[in-house]
Amino acid sequence: MTAELLKDAALVIVDVQNDFCPGGTLAVPEGDAVVPAINALIPRFAVVVTTQDWHPEDHASFAAEPKFVDKSWPKHCVAGTAGAALHAQLALPPGTLSVRKGTRRDLEAYSGFQDTDLAKLLRAREVKRVYVCGLATDYCVKATALDAARAGFETWVIADACRGVNIPAGTVEQALAEMHAGGVKVVQVSDLAA
Ligand code: VGL
Ligand code: ZN
């Protein structure tokens, strides 16, 4: 049995890229654990979007001695590299939309809505509801979900289909609280998957 499509809804898969998975330059603990969870969710959505962090070689957030807490990072997701590619096991359907962000040297872009066509792409497909999952809960997932809510979409974060940097420990919990305060609803994969 295939579960019904969620009406007017899009699944926004944030930054499930090799550099954020174990073995990558900015690996999120258990980052690749989101892949089977996301693959279980995909059949419920008519509209699927991936975002990718897509930085120039000399992006301003890159540091030789990254501190993480101050948003300085190891070099990651350089445009066109294997590290910037989506995880190979994501079962993306034909017609998956793609958004790339953080492409300007001097600007960090944690949100998939920042300087992209994402809101326009969603509205063109009459999306009213946005479900956000992926990496990292405490940065790009949080920023994308908060921006989706601000843009007027009814927004959910699928908590167990996300993983976070969590440095210092507690930032994932805090991010979920901030999303909740920003009008984003929190759900689990089991609430949605067939
Ligand atoms: C991200 C840190 C730096 C993310 C991107 O995808 O959450 N985190 N760049
Ligand atoms: Zn980045």
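Just a few scattered comments:
- Qualifying residues in segment 111-140 (those that are part of a loop (DSSP other than H, G, I, E, B) and acidic (Asp, Glu)) - the one farthest from ligand 1 (Cβ to nearest atom): Glu126
- Residue list for segment 36-67, restricted to those being buried (at least 16 other Cβ atoms within 10 Å of the Cβ), within 13 Å of ligand 1 (Cβ to nearest atom) and over 22 Å from Arg100 (Cα atoms): Pro66
- Residue ID - surrounded by the fewest Cβ atoms within 10 Å (Cβ to Cβ), chosen from residues in segment 97-110 that are assigned to a loop (DSSP other than H, G, I, E, B) and more than 13 Å from ligand 1 (Cβ to nearest atom): Asp106
- Count of residues meeting criterion [open to solvent by 10 Å² or more (accessible area, probe 1.4 Å) and either of a type in the set (Lys, Arg) or within 14 Å of ligand 2 (Cβ to nearest atom) (or both)] in segment 2-25: 6
Every residue, every condition in (1) closer than 21 Å to Lys142 by Cα; (2) in contact with a Leu (Cβ under 8 Å, 6 or more places away or on another chain), yes or no:
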| site | (1), (2) |
| --- | --- |
| Asp8 | no, no |
| Ile38 | yes, yes |
| Val48 | yes, yes |
| Asp70 | yes, no |
| Val78 | no, no |
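- Breaking point among (1) touching a residue at least 40 places away in the same chain (Cβ under 8 Å); (2) surrounded by fewer than 16 Cβ atoms within 10 Å (Cβ to Cβ); (3) more than 24 Å from Thr171 (Cβ to Cβ), for Pro94: (1)
- Scanning segment 71-91 for residues that are away from ligand 2 (no atom under 14 Å from the Cβ) and either surrounded by 17 or more Cβ atoms within 10 Å (Cβ to Cβ) or not aliphatic (A, V, I, L, M) (or both) gives Gly80, Leu86, His87, Gln89, Leu90.
- In summary, Ala151 fulfils each of the numbered conditions (1) surrounded by fewer than 24 Cβ atoms within 10 Å (Cβ to Cβ); (2) within 16 Å of ligand 2 (Cβ to nearest atom) with the single exception of condition (2).
- Within segment 50-90, tally of residues that are touching a residue at least 24 places away in the same chain (Cβ under 8 Å), in contact with a strand residue (DSSP E or B) (Cβ under 8 Å, 6 or more places away or on another chain) and hydrophobic (A, V, I, L, M, F, W, C): 8
- Index of the failed condition, Gly31 passing every other in (1) open to solvent by less than 20 Å² (accessible area, probe 1.4 Å); (2) closer than 14 Å to Ala91 by Cα: (2)
- Counting only residues that are in a helix (DSSP H, G or I), under 19 Å from Val49 (Cβ atoms) and in contact with a Lys or Arg (Cβ under 8 Å, 6 or more places away or on another chain), segment 141-186 holds 1 of them.
The values are calculated or read from the model by the stated rules, or taken from the named source; none is laboratory data. These numbers come from a predicted model, not from an experiment. Backbone-built Cβ (ideal geometry, glycine too); neighbour counts: all protein chains shown. Surface accessibility is based on the protein's heavy atoms, side chains included, excluding ligands, DNA and RNA. Shrake-Rupley method; radii C 1.70, N 1.55, O 1.52, S 1.80 Å.
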